[in-house]
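Some notes on the structure that comes next.
None of the figures in this text is laboratory data; all of them are computed from the coordinates on show. All figures in this text were calculated on a predicted structure; none of them were measured in a lab. Here Cβ is always computed from backbone atoms with ideal geometry, including for glycine, and neighbour counts include all displayed protein chains.
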Amino acid sequence: MSIISDSLKRIKPSPTIAVTQKARELRAAGNDVIGLGAGEPDFDTPNNIKNAAIKAIKKGDTKYTAVDGTPALKKAVVRKFKRENNLNYSTDQITVGTGGKQVLYNTFMATLNKGDEVIIPAPFWVSYPDMVLLAGGKPKIVKCTEQEGFKLTAKKLKKAISKKTKWVILNSPSNPTGAGYTKKEIQNLAKVLVRNKKVYILSDDIYEHVKYDNFNFFTIAQISKLKERTLTMNGVSKSYAMTGWRIGYAAGPKDIIKAIGKIQSQSTSNPSSISQAAAVEALNGNQSFIKKRSNAFKERRDFVVKSLNSIKGISCLQPNGAFYVFPSCKGLLNKKTKLKTDTDFVKKLLEKKNVAVVQGSAFGLDGYFRISYATSMKNLKKAMDRIKSFCESLK
Ligand code: PLP
């Protein structure tokens, strides 16, 4: 009999973390590897935020806090939702966790019974299905094609809803495609969801502030009658280059918020007191970092999309947010190149050219790969040259 639990056997380690780890190992062994797998901004956390953390340490804010967030951080989150999304919440509708990841995990643990279904549009963030499986639920994957801009349509959503549907996850701008839903697209989905009164909506807005070309960000609770059934998740990781600080939060129905806190009280307790103090400054302080950083990302996105589209066999949609592109490599999967799948493509690219990217199948859509352009222009230029020469060598 195995010591490992059945629930753990249902899941796999995160493939994106695996790629990053592989690139790290190859680099340590002396290879000149360019890692385009990591999902984190390469910018440093702004100084005002670091200073708030130092101040908290010096002041002695180094003890346990309220399990689901300090009053100061919850107030800052309430203000953020009002200021940026025109959403009104009270502090008892807010929970703070150790990253958005923990908030999502706790949400599924707190709400899913065996067999409950969660609609997950693909391409999806790699952790959604496994978190659902771990909590005993059933991921219902709905594939969204390149022609659909990798976005869920009302028609597909309607078809996917069953008596067992508990949640539908929306993630805009998306990891891994960078696709952002327009107001109209969200309203079309909302029309379906208003009619299906038992379905809850989990809106993962973690990339809200990484957007380009005047893309207007909307979150479903803000523009529909669904606020009472929506949990809106967000965090400071991507917006303020704070991935290592581990602070995420959510707003929504009081019963769900309370249940999430109950799980946290018996598992990790509060997120780091120092990180919470830093997050207060991130949300309340000067916001100019966001614009500056988005401009730098835009330059990189434009370069990467243009470079990829100049390679025969590769095609790439222009995303309006996040720091990923999701190009197709279908044009290179054939007998002549001896590559059958996106995994073959990604493996060979790493082997031959030392460029680490992640296969599309890890995100639920075959024939694609994900590039994170959250790295320097110098690295990106080198990487694009290598990808081009790799693809040309296949013919
Ligand atoms: N949601 C999406 C779509 C993500 O890409 C990530 C991180 O990669 C998260 C949530 C969780 O971020 P964190 O736990 O750092 O807040």
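Computed quantities for the displayed model
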{"item": "Coil-residue trypsin sites (Lys or Arg not before Pro) of segment 225-278, DSSP, other Cβ within 10 Å capped at 12", "result": "LYS225"}
{"item": "Residues whose placed amide H lies under 5 Å from that of PHE369, excluding near-sequence neighbours", "result": "CYS329, GLY360"}
{"item": "Total charge dipole magnitude, segment 59-284, about the Cα centre, Cβ charges on Lys, Arg, Asp, Glu only, Debye to nearest 20", "result": "880 debye"}
{"item": "Pairs beyond 27 Å (Cα-Cα), from LYS151/LYS197; LYS9/LYS143; LYS140/LYS291", "result": "LYS140/LYS291"}
{"item": "Neighbour cut-off at most 13 other Cβ (10 Å), DSSP loop, chymotrypsin sites (Phe, Trp or Tyr not before Pro), segment 28-112", "result": "TYR64"}
{"item": "Candidates ASP92, ASP42, ASP205: whichever shows maximal mean-square fluctuation once the chain is modelled as a Gaussian network with Cα springs under 10 Å", "result": "ASP42"}
{"item": "Estimated dipole of the chain in Debye, rounded to 20 [Cβ of Lys and Arg +1, of Asp and Glu -1, Cα centre]", "result": "740 debye"}
{"item": "Two-site label geometry, THR268 and THR145: point separation in nm, points 7 Å out along Cα→Cβ", "result": "3.9 nm"}
{"item": "Linear extension gain, ASN48 paired with GLN21, 0.36 nm per residue minus alpha-carbon span", "result": "6.6 nm"}
{"item": "Alpha carbon centroid spacing (whole Å) that separates segment 244-292 from segment 333-394", "result": "35 Å"}
{"item": "Per-residue ³J(HN,Hα) for segment 23-35, Karplus 6.51 cos²θ - 1.76 cosθ + 1.60, θ = phi - 60°, Hz, x for Gly and Pro", "result": "4, 4, 5, 4, 5, 4, 7, x, 8, 7, 8, 9, x"}
{"item": "Degrees between helix 254-265 axis and first principal axis of the chain (Cα, 0 to 90, nearest 10)", "result": "80 degrees"}
{"item": "Percentage relative contact order, segment 59-284, counting C-alpha pairs under 8 Å, at least six apart", "result": "29 percent"}
{"item": "Selected from GLN147, GLN21, GLN276 as most flexible by GNM, with the chain as the system and alpha-carbon contacts under 10 Å", "result": "GLN147"}
{"item": "Share antiparallel - DSSP beta bridges, segment 59-284, percent rounded to 5", "result": "30 percent"}
{"item": "Considering only the chain, percent of DSSP beta bridges that pair antiparallel, nearest 5", "result": "45 percent"}
{"item": "Value of [θ]222 nm, deg cm²/dmol, for the chain, DSSP H segments ≥ 4, -39500 (n - 2.57) each, nearest 500", "result": "-13000 deg cm²/dmol"}
{"item": "Where labels lie 7 Å past Cα in the beta-carbon direction, separation of GLU40 and ALA154 in nm", "result": "4.1 nm"}
